[in-house]
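Data block below; observations after.
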Amino acid sequence: MSRSSSELKRISRDILNNRYSVPMAAFLTASLIPTLIEIPFSMTLGDYPGTPQLIISTIADILILLIAQMLETGVMLVHMNMTRGQTYRIRDVFTPFRNGAERFFLAAVLFDVFLVIAGIPAIAGVLYFYKTGVSGLSGALLAAGSILGLIFTFCVLLTYRMVFFFLLDHPHLSVRDAFRTCRKFMRGRRRKLLYILFSFLGWGALAICSFGIAALWISPYMTQTLLTFYLDGTGELDQIPVRDYDQEARRFTGSIF
């Protein structure tokens, strides 16, 4: 059954109701660990870092990004177990490091490579702008490159954003097969995923305005919605007991009138 985006979000809120504590703690754990790892590298840079320091810092940032993506995959696993009525714990965040770490690490690398390739037009526009200086041509190329880079980046996100769910759900799948399966899965579903992602922009602004505090509620809500979208696409959501909000609304309206 293909549900509307608003219905998927309502189902996600119902699944999270009275069970926010562990997803919030999992999100906080996955956010704090990369930050704590990154602090020593930032402190050693100083005001005028040399080339070796910049190289080491860049390599460290890339590795920290990959670690953060694997931790985020662990957060997805917490939501999967919770939704399916299985035991879910904060330590599930570290499962991708224990079971099939090479698969999740390689998938994160491949996903990031796709994003970098998608951003090449924007990178080229920025480099040309700084090399030639301010001019009508450099400004036009910068704008065009930025727009193309943004479009290509969204294409990558909408095509492969769900690949980590497939890796978690199907341990037998290779990374290549997981990306292929995800690409097939997203055919005809990209528009709905785009709508879901854009619907959280306002929530993201709220998280920024609250200095990140609101993210403790918003991030689990978004992760759960993406999982619900995935389960709806695979058909598993039909087997998970959730409240029929539309039916409840009709019953409530009928009781009034």
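The values are calculated or read from the model by the stated rules, or taken from the named source; none is laboratory data. Everything numeric here is computed off the predicted structure, so don't read it as measured data. Reconstructed Cβ throughout: ideal geometry from the backbone, glycine too, with neighbour counts over all protein chains shown. Surface accessibility is based on the protein's heavy atoms, side chains included, excluding ligands, DNA and RNA. Shrake-Rupley method; radii C 1.70, N 1.55, O 1.52, S 1.80 Å.
Within the range 40-54, the presence of a residue that is under 17 Å from the mean Cα position of the chain (by Cα) and assigned to a helix (DSSP H, G or I) is excluded.
Residues of the range 60-89 that are open to solvent by 70 Å² or more (accessible area, probe 1.4 Å), in a helix (DSSP H, G or I) and not acidic (Asp, Glu): 62, 63, 65.
Can you go through 38, 102 and tell me which one is among the acidic types (Asp, Glu), open to solvent by 40 Å² or more (accessible area, probe 1.4 Å) and over 28 Å from residue 213 (Cα atoms)? Please lay out each step first, then the result.
Details: 38 fails: over 28 Å from residue 213 (Cα atoms).
On inspection, the qualifying residue turns out to be 102.
Close Cβ contacts (under 7 Å, 6 or more residues apart or on different chains) running from residues in the range 179-195 that are at positive phi and touching a residue at least 60 places away in the same chain (Cβ under 8 Å) to residues that are among the polar types (S, T, N, Q) and assigned to a helix (DSSP H, G or I) are absent.
Picking from residues in the range 159-172 that are in contact (Cβ under 8 Å) with a residue 24 or more places away in the chain and outside any helix (DSSP H, G or I), the one that is most open to solvent (accessible area, probe 1.4 Å) is 171.
Do the conditions hold for residue 112, that is, is it open to solvent by 50 Å² or more (accessible area, probe 1.4 Å), of a type in the set (Asp, Glu), assigned to a helix (DSSP H, G or I) and closer than 27 Å to residue 222 by Cβ? Answer is no for this residue.
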